[in-house]
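**Student:** The structure is given below, and queries will be raised subsequently.
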Amino acid sequence: MASSLRFFAIIAFCILFLCISITAADDISYNDRSAPKSSPSCNRDFRLVKVVNWVNGVEGETLGGLSASFSAEMPTHAEGGLRLPAVFPNPLNCCSGSSSKLSGSVVLSPRGDCAFTTKAEVAQSGGAAALLVINDKEDLYEMVCSENHTALNITIPVVMITKSGGEAINRSMAGEGRVELLIYSPNRPIVDFSVVFLWLMAVGTIVCASLWSKFTAEHNDESYNEISPKESSNAGTVEDDTKKEVLDISAKHAVVFVITASTFLVLLYLFMSSWFVWLLIVLFCIGGIEGMHACIVSLLSRKCKNCGQKTLNLPLLGEVSVLSLLVLLSCLAFAIFWAANRRASYSWVGQDVLGICLMITVLQMARLPNIKVATVLLCCAFLYDIFWVFLSPLIFKDSVMIAVARGDNSGGESIPMLLRIPRLFDPWGGYDMIGFGDILFPGLLISFAFRYDKANKKGVLNGYFLWLVIGYGFGLFFTYLGLYLMNGHGQPALLYLVPCTLGVSVILGFVRGELNHLWNYGTESSTREPFVEA
């Protein structure tokens, strides 16, 4: 019973995780570039900006902003900036000459009522040293020249800040406090080394999942992995039960996976809210606990064959393994601690540990029988990824995949179905992320390659596993290259990963004359048996 429930849970979570398949950096900027750029003054680079504020001489939280395409340059270090008083113009929209003094100050104005360039001209003509435009949303839009303002001579910094940032400054000024602001724009590194660690986590997860059965098979026994051990220790029964836990994905399953993932993705986008994200967090914790429990018990059982022999009789549960119970309680405590501290700076560690354990377990449960099914699955996923990242804005006005991964309209909560790691040397902080789908989809093919090599007694170089792992690594590299070339815009990683994995396997199979064998593998009884591992 426990085995069946575990299998059901893992497959359910597998479908959920396929909904997030994106490699991204969590920058918050949108492209609103609809104006002409006939003048060099309207074609300056957009830059992320830091806004340091002081209230009555006490430094507060540093806000983030985005410069306009017509903004003057800003210092790259705080030491080179000027600490100036913040003022609101009169009228507040800064669309006409202000009756209040603006000279030598940082002017704050809400977005709307007139063009961004008009606000900048009014602030500059009043002697302002800078203009901060407060957006009406929690996003940073790119401010560009309007049709009637293509030849400007703006000599002051013009920066947009978020709605919440503007409200925080407004509250400080409403309390009759003296608010001072310092604006500067530090350079960010072309490449942050965090992507190297994220690359290692993704590749390492697939390699570990593929080799897991080899690592744990020597001493692993089913009774050690269950809360309720089986009464019979017959080896044949164990093998039969293990077979029931393995799902060979069919071509029909592959299509259903992608359709279900698309449906769920749209639901997430349309009905995203804090309670919805909390539901996903709870489901993620349940799946993470199961995956972490299975991984830890398997490793402990391999090291200590007799560790799972001691049992306890508990109400409702009956006879349970002491080892399995203790590990389960530890995993439960770990997941609860992560959920309670999910917004802490260190929470990414717990999320990655739970996610990696879960994906390893999923890749043990779901398997591809041959390249034919892999082609259907990965080609569907390839189109799915491209559509929901690049083409969905044509229908929904937003990139649905990016909006869901970023957690828009979720009250500050974020989707946990991602591996993430903080940028180590980026003055802007933030995280680099990769969706579970970008690991699970190629991971199924790479796990198949390992089992194929093992069953057909292929060496490392004349097999497929090593070359697909290398291909996956290069695919991730190209993904990150695309991420940086597109200024941090989220990338459909499967656009790069599918050709570098499925393409490599098909080309190698064709060159070696084994493509037909790979394509139909597992359809005959003589080739099906090696894929079932006790």
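**Student:** ³J(HN,Hα) across segment 349-355 via Karplus (A = 6.51, B = -1.76, C = 1.60, θ = phi - 60°), whole Hz, x for Gly/Pro?
**Tutor:** Each residue's phi maps through the Karplus curve to give 5, x, 4, 5, 5, 4, x Hz.
**Student:** Additional query: Apply the Karplus curve 6.51 cos²θ - 1.76 cosθ + 1.60, θ = phi - 60°, to the phi angles in segment 182-188 and return the couplings in whole Hz, x for Gly and Pro.
**Tutor:** Running phi through 6.51 cos²θ - 1.76 cosθ + 1.60 with θ = phi - 60° gives 10, 10, 8, 10, x, 6, 9 Hz.
**Student:** Two decimals is fine: what is log10 I(q)/I(0) at q = 0.16, 0.19, 0.20, 0.21 Å⁻¹ for segment 48-184, from a Debye sum with one equal scatterer on every Cα and no solvent?
**Tutor:** -0.74, -1.08, -1.21, -1.36
**Student:** While we're on this one: Which far-off residues, 5 or more places away or on another chain, put their amide H under 5 Å from the one on PHE193, with H placed in the peptide plane?
**Tutor:** Amide H neighbours of PHE193: LEU424, PHE425.
**Student:** Something else about it: Using amide H atoms built 1.01 Å from N in the peptide plane, name the residues 5+ places from MET143, or on other chains, whose amide H lies under 5 Å from its own.
**Tutor:** When sequence neighbours closer than 5 places are left aside, the close amide H contacts are SER69.
**Student:** For segment 308-385, state which chymotrypsin sites (Phe, Trp or Tyr not before Pro) are in a DSSP loop and have at most 16 other beta carbons lying within 10 Å of their beta carbon. The partial results should precede the final answer.
**Tutor:** Details: sites: PHE334, PHE337, TRP338, TYR346, TRP348, PHE382, TYR384; in loops: TYR346.
For chymotrypsin sites (Phe, Trp or Tyr not before Pro) across segment 308-385 that sit outside H, G, I, E and B with at most 16 neighbouring Cβ atoms in 10 Å, the list reads TYR346.
**Student:** Where nothing but the Cβ of Lys and Arg (+1) and of Asp and Glu (-1) is charged, how large is the charge dipole of segment 48-184 around its Cα centre, in debye to the nearest 20? Each step should come with its number before you reach the end.
**Tutor:** Values: 9 positive and 14 negative charges, 53 e Å.
Value, rounded to 20: 260 debye.
**Student:** Could you work out the local net charge near CYS95, counting Lys and Arg as +1, Asp and Glu as -1, over the other residues with Cβ closer than 14 Å to its Cβ?
**Tutor:** Result for the local shell: 0.
**Student:** Dipole of segment 48-184 (Lys/Arg Cβ +1, Asp/Glu Cβ -1, origin at the Cα centre): which of PRO75, GLY60, PRO91 lies farthest to the positive side?
**Tutor:** So the residue we want is PRO91.
**Student:** Once phi is turned into θ = phi - 60°, what whole-Hz ³J(HN,Hα) does the Karplus curve with 6.51, -1.76 and 1.60 give for every residue of segment 127-135, x standing for Gly and Pro?
**Tutor:** Residue by residue, segment 127-135 yields x, 5, 8, 6, 10, 10, 9, 8, 6 Hz.
**Student:** Taking H placed 1.01 Å from N in the peptide plane, check which residues at least 5 places from LEU247 or on another chain put their amide H under 5 Å from its amide H.
**Tutor:** ALA366, ARG367
Since every read-out is calculated from the coordinates, none of them should be taken as a lab result. None of the values given here were measured: they were computed from a predicted structure. FYI the Cβ positions are ideal-geometry reconstructions off the backbone, even for glycines, and counts take in every protein chain you see.
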